[in-house]
1. Only one of (1) surrounded by 20 or more Cβ atoms within 10 Å (Cβ to Cβ); (2) over 20 Å from residue 53 (Cα atoms) is not met by residue 202, so which one is it?
2. Could you pull out the residue among 22, 3, 17, 7 that is in contact with a strand residue (DSSP E or B) (Cβ under 7 Å, 6 or more places away or on another chain), modelled with pLDDT under 85 and not in a strand (DSSP E or B)?
3. Can you pull out the residues in the stretch 132-146 that are modelled with pLDDT under 95 and either in a loop (DSSP other than H, G, I, E, B) or under 14 Å from residue 189 (Cβ atoms) (or both)?
4. Has the stretch 99-110 got any residue that is under 26 Å from residue 75 (Cβ atoms) and over 17 Å from the mean Cα position of the chain (by Cα)?
5. Has the stretch 35-50 got at least one residue that is in contact with a strand residue (DSSP E or B) (Cβ under 9 Å, 6 or more places away or on another chain), surrounded by fewer than 16 Cβ atoms within 10 Å (Cβ to Cβ), at pLDDT 60 or above and not in a strand (DSSP E or B)?
6. Can you confirm whether residue 148 is farther than 18 Å from residue 237 by Cβ, crowded, with 17+ Cβ neighbours inside 10 Å and in contact (Cβ under 8 Å) with a residue 60 or more places away in the chain?
7. Can you run down the residue pairs with Cβ atoms below 8 Å, 6 or more apart or on separate chains, where the first is in the stretch 92-103 and closer than 9 Å to residue 69 by Cβ and the partner is modelled with pLDDT of 85 or more and assigned to a loop (DSSP other than H, G, I, E, B)?
8. Within the stretch 165-180, work out how many residues are under 22 Å from residue 239 (Cβ atoms) and surrounded by fewer than 23 Cβ atoms within 10 Å (Cβ to Cβ).
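The values are calculated or read from the model by the stated rules, or taken from the named source; none is laboratory data. Source: prediction; values computed, not measured. All Cβ positions, glycine included, derive from the backbone under ideal geometry; neighbour counts span all protein chains shown.
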């Protein structure tokens, strides 16, 4: 069902007089036990829209369970310069009934309504994860699509200068100084269509690999530049799991079975 909600007080204060519409959609049934619900924080920024970075909780008081034990968030924000829609799911191991991988699975769709190339920044942080120690196995992926919505025969999504379209973090404190545990579509990457109303898409992933211990959170940063008048969608998945026992590792090695890249599902 669709819930029309106002901006959180903190976000309203930061935005000032600029009006932004925010809606959150919930699906399935509300969780029975509040102690299972992970915390999800979002930070959104656009280089030249005249607004400060917005930090908020997208659930607006509503969190909805999905069949696989994850929690689903869907919503949208609008301004004269851009449009943002998000659709994400998170899963943590913060209770005895939560075992297996913990992940953040984020999908965003952005339209650049301005006359300039803009850089878009969306950080999603899942807090309250079950600690993973002394080390972990991590994997992730990113998929991107760009569309010539301006109908001028050109659209481009590219990595920001010195950065990446996808960055994954563990126990993030400061995105400006902390090093990511993995990146994809790095500096110099560009996805382009030169067709009238054309679309181009691409994807990248990293296989399960050794990762650090995790105490408090996992995060995905999706950051990219987008040509004026055009639209793009980017989905990123980051998974962390405890290192399997020696017997399980032997099975993985013998049969070539990896933890595998989570495929985004339709909820």
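1. Only one criterion is unmet by residue 202, namely (1).
2. Numbers: 22 fails: not in a strand (DSSP E or B); 3 fails: not in a strand (DSSP E or B); 17 fails: in contact with a strand residue (DSSP E or B) (Cβ under 7 Å, 6 or more places away or on another chain).
It is 7.
3. Matches in the stretch 132-146: 133, 134, 135.
4. Here is the first cut: in the stretch 99-110, the residues under 26 Å from residue 75 (Cβ atoms) are 101-110.
Restricting the remaining residues to those that are over 17 Å from the mean Cα position of the chain (by Cα) gives none.
Checked against the condition, which is being under 26 Å from residue 75 (Cβ atoms) and over 17 Å from the mean Cα position of the chain (by Cα), the stretch 99-110 yields no hits at all.
5. For the stretch 35-50, residues in contact with a strand residue (DSSP E or B) (Cβ under 9 Å, 6 or more places away or on another chain), surrounded by fewer than 16 Cβ atoms within 10 Å (Cβ to Cβ), at pLDDT 60 or above and not in a strand (DSSP E or B): present.
6. Details: farther than 18 Å from residue 237 by Cβ: yes; crowded, with 17+ Cβ neighbours inside 10 Å: yes; in contact (Cβ under 8 Å) with a residue 60 or more places away in the chain: yes.
Judged against the criteria, residue 148 is a match.
7. The qualifying pairs are 98/92; 98/130.
8. Taking the stretch 165-180 first, the residues under 22 Å from residue 239 (Cβ atoms) are 165-173, 175, 178-180.
The next check asks that each one be surrounded by fewer than 23 Cβ atoms within 10 Å (Cβ to Cβ); those that pass are 169, 171-173, 175, 178-180.
Looking only at that region, the number is 8.
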